[in-house]
Structure formats: C-alpha cells, structure tokens
Amino acid sequence: SAYELLEGTVRTHLQDKPEDDLNPLAAFMCGGLAGSIGWATVFPSDIIKSRQQNASCGAGYFGTARSIYLEGGVNAFYRGVAPCALRGFPANGALFLGVWCTNRAFKEMDAYMGVEQSEGYMH
C-alpha cells in the first residue's frame, strides 16, 4: 500500500534507526499522503461513476469513459482532484495517526504485562 511504501521510505531515509517507531507526525504525514495518493488513483473511476449517475441514458462504463475522454482528454478525468486530495489529507492522516496510537498502546500494554512483541503490530 502507499502507506507502507511511505513508511518504509521515512524509516530508511529520515530516521537514525530504521527499527525505531515512527514519530506521530511522520505517521500523520504518511497517512495523509497515502490517502491523497489513493484518491488520485481512483478519481477517474469516480468521475465515470458520477457521470453515469447523472446521465439519463445508460452508455455503460466504457462508453461513459470514452465520452468523457472525447470531451476533455485525460485532464477531464482529473477535474476536481486537487480539492479532493487536500480534503482527504487531514482525514487520512488522522486515521493513520489513530492506528499508530492504538498500536503503540498495545505495545506498551504488552511490555507492561511481559508479553513478547508480535510481528503483527505495525512497526
């Protein structure tokens, strides 16, 4: 996933020790960027879906895609992507920060109770 790729990049290039936990800001930034990348990836399909929902005739998925392309080229599939990605950044950043905090809490509870760390936790 985009988050895993970004997290690995931060660990490798921006941390002194790659095995250390990410700091909360890094988790937020990786999550926000991953969400924005996700939106940019699915946005063309969302444009097609929205056009089909507003159309009075059913041209089908590929027919609708062709129509959009003929109207504005590739750029037509990305109209409105910037506000959507900007809106998604804080929401997805907060989501991944919440996951980071939860995993951190579980690790601390395990350490307190003397349980060995599981490989299933996020790093």
### Query
Within the stretch 26-35, can one find any residue that is crowded, with 17+ Cβ neighbours inside 10 Å and either more than 23 Å from ALA105 (Cβ to Cβ) or touching a Pro at 6+ places or on another chain (Cβ under 7 Å) (or both)?
yes
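Anything in the stretch 6-35 that is more than 19 Å from CYS101 (Cβ to Cβ) and either without any contact (Cβ under 8 Å) to a residue 24 or more places away in the chain or among the small types (Gly, Ala, Ser) (or both)? List them, or say none. Give the derivation first.
First, the residues of the stretch 6-35 that are more than 19 Å from CYS101 (Cβ to Cβ): 8-9, 12-14, 16-19.
GLY8, THR9, THR12, HIS13, LEU14, ASP16, LYS17, PRO18 - these are the residues of the stretch 6-35 that are more than 19 Å from CYS101 (Cβ to Cβ) and either without any contact (Cβ under 8 Å) to a residue 24 or more places away in the chain or among the small types (Gly, Ala, Ser) (or both).
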### Message
Could you check the stretch 33-44 and list, in sequence order, the residues that are closer than 13 Å to LEU5 by Cα and of a type in the set (Gly, Ala, Ser)?
### Response
ALA34, GLY35, GLY38
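Step by step: first the residues of the stretch 43-92, then only those that are aliphatic (A, V, I, L, M) and more than 30 Å from GLY32 (Cα to Cα), then the one that is modelled with the highest pLDDT. Which residue is that?
Checked the stretch 43-92; the qualifying residue modelled with the highest pLDDT is LEU70.
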### Query
Right, GLY63: in a loop (DSSP other than H, G, I, E, B) and not hydrophobic (A, V, I, L, M, F, W, C) or not?
no
### Query
Does the stretch 115-122 contain any residue that is among the aliphatic types (A, V, I, L, M) and part of a helix (DSSP H, G or I)?
no
## Note on the structure
Subset of the stretch 36-61, residues touching a residue at least 40 places away in the same chain (Cβ under 8 Å) and acidic (Asp, Glu), comes to none
#### Entry: Residues of the stretch 10-42 satisfying the condition of being of a type in the set (S, T, N, Q) and under 16 Å from the mean Cα position of the chain (by Cα)
SER36, THR41
## Note on the structure
Given the conditions (1) open to solvent by 30 Å² or more (accessible area, probe 1.4 Å); (2) assigned to a helix (DSSP H, G or I), every one holds for ASP16 apart from (2)
### In the stretch 81-103, residue nearest to MET29 (Cα to Cα) [restricted to those that are among the small types (Gly, Ala, Ser) and in contact (Cβ under 8 Å) with a residue 24 or more places away in the chain]
GLY93
### Query
Out of all the residues in the stretch 36-59, which are surrounded by 14 or more Cβ atoms within 10 Å (Cβ to Cβ) and not hydrophobic (A, V, I, L, M, F, W, C)?
SER36, GLY38, PRO44, ASP46, ARG51, GLN52
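The values are calculated or read from the model by the stated rules, or taken from the named source; none is laboratory data. Predicted, not measured: the structure shown is a model, and the values here were computed from it. Heads up, the Cβs are rebuilt from the backbone with ideal geometry, glycines too, and the neighbour counts pull from every protein chain shown. Protein only, heavy atoms only, side chains kept; ligands, DNA and RNA dropped before computing areas. Shrake-Rupley method; radii C 1.70, N 1.55, O 1.52, S 1.80 Å.
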